[in-house]
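Heads up, the thing below is written out as structure tokens.
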Amino acid sequence: MNKLRRMALPGLFWLFVAYLFLPLIVMAAMGFRDSNFVAFPIHSWTTQWYREVLFDRDILASLWLSARVALLSTVISIVVGLPVAFLTARTSGLLRGALVALVVLPAFLPVVVSAIALRIFIGRIGLETGMVAIAFGHAVASMPFVVVMVLTRLNSMSHNMADAARNLGADEVIVLVRIVLPYLSPALLGAFMFCMLLSFEDFVRSFFLGGFEQTFPVLLFSRLRFGFDPGLAAISTIILIATTGFGLYAERFIRTRRLGRDTSLSATGNTHD
């Protein structure tokens, strides 16, 4: 009985892993099927679909558009979110709670409601649908995550470092550039990576705000209406591998950077003591 209990938790864990990854493995396998339709079993294998999607002009154009939109929306999110995080960190009590609630509200709105509201808003301000409109919509959705990540890092920062710099004659600009921003760099890099990935996979806002310009998720949706073929499985597998590698590299880089910086600050503090 005790042995059964010890095996239950690992068994549930691996069942959960299979639930998450088996559909992805099946999708990747479908990209190697030597046929024009998706079905099991796979009698013969080919890399034809992977070669074709890598030279598909529509797919490459949509990927390039998605990359530009992701970069622009991420820059907007950080430029807007960073001062908002500073402002929120300087408040307290009910005002701080109200600011945090206001900032994170777009992240809790239903995506369809947010997309419709953004489409109405850009029409009111005279902004045409297209790349800039998509980037603006994605930035609205991403900015709360920037604020939360930066605010979390700011709350862990000791005020002694900034106070010591001021006592040595540094003005606020130097304190910001030489002390605060380097300390926030792991959070900023994490926010940058997260916003890039969040923008790249955003379908609903891209669909409502894109007009005739199709990001990769919109192009994928339009092709799915005519059936799921191995070519779509192939390009989806390539994107999955690329985004997974991007995310793992970002996580490792941020963790290493944070550990190195915290160790350096600890050593500096001990030296001053």
Considering the chain as a Gaussian network with a 10 Å cut-off on Cα pairs, which listed residue, Ile122, Ile78, Ile134, attains the greatest mean-square fluctuation?
-> Ile122
Label points 7 Å out from Cα along the Cβ direction at Ser158 and Thr47: separation in nm?
-> 5.4 nm
Label Thr244 and Asn167 with points 7 Å out from Cα along Cα→Cβ: what is the distance between them in nm?
-> 5.1 nm
Would you mind getting me the FRET efficiency between Ala29 and Leu71? Use the beta-carbon distance for r and R0 = 45 Å, nearest 0.05.
-> 0.85
Answer rounded, prolate or oblate for the stretch 9-100, using the Cα gyration tensor with square roots of eigenvalues a ≥ b ≥ c: rounded when a/c is under 1.5, else prolate when a/b is larger than b/c, else oblate.
-> oblate
Rounded to whole Å², per residue accessible area for the stretch 35-190 with a 1.4 Å probe reads 58 Å²
Taking a ≥ b ≥ c as the square roots of the eigenvalues of the Cα gyration tensor of the stretch 208-254, is the shape rounded (a/c under 1.5), prolate (a/b larger than b/c) or oblate?
-> oblate
Simple spin-label estimate for Phe212 and Asp58 in nanometres, 7 Å along Cα-Cβ = 1.5 nm
Rounded percent of accessible protein surface that carbon and sulfur make up, the stretch 58-227, 1.4 Å probe = 72 percent
Computed [θ] at 222 nm, helices only, for the chain once each DSSP H run of length n ≥ 4 contributes -39500 (n - 2.57) = -26500 deg cm²/dmol
Taking springs between alpha-carbon atoms closer than 10 angstrom, which of Leu65, Leu12, Leu20 fluctuates most in the Gaussian network model of the chain?
-> Leu12
Per-residue HN-Hα couplings for the stretch 198-207, Karplus 6.51 cos²θ - 1.76 cosθ + 1.60 at θ = phi - 60°, whole Hz, x for Gly and Pro?
-> 5, 5, 4, 9, 6, 8, 5, 5, 5, 5
Which angle from 0 to 90°, rounded to the nearest 10, does the C-alpha axis of helix 57-89 make with the longest principal axis of the chain?
-> 20 degrees
Starting from the Cα-Cα distance between Leu87 and Ile174, subtract it from 0.36 nm times their residue separation and give me the gain in nm to one decimal.
-> 29.5 nm
Non-local residues with an amide H under 5 Å from the amide H of Arg33, with H modelled 1.01 Å from N and Pro and chain starts lacking one, are Thr46
When the chain is treated as a GNM, springs tying every alpha-carbon pair under 10 Å, which of Ser35, Ser199, Ser114 comes out with the largest mean-square fluctuation?
-> Ser35
By how many degrees, 0 to 90 and rounded to 10, does the Cα axis of helix 111-124 deviate from the longest principal axis of the chain?
-> 70 degrees
Over the stretch 115-163: Rg over Rh, Cα atoms, Kirkwood Rh = 1.29
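The values are calculated or read from the model by the stated rules, or taken from the named source; none is laboratory data. This one's a predicted model, so the numbers in the text were calculated from it and none came from an experiment. A quick note on method: Cβ atoms are made from the backbone with ideal geometry, for glycine too, and the neighbour counts reach across all protein chains shown. For the accessible areas, the whole protein counts, side chains as well, though only heavy atoms, and no ligand, DNA or RNA atoms are used. Shrake-Rupley method; radii C 1.70, N 1.55, O 1.52, S 1.80 Å.
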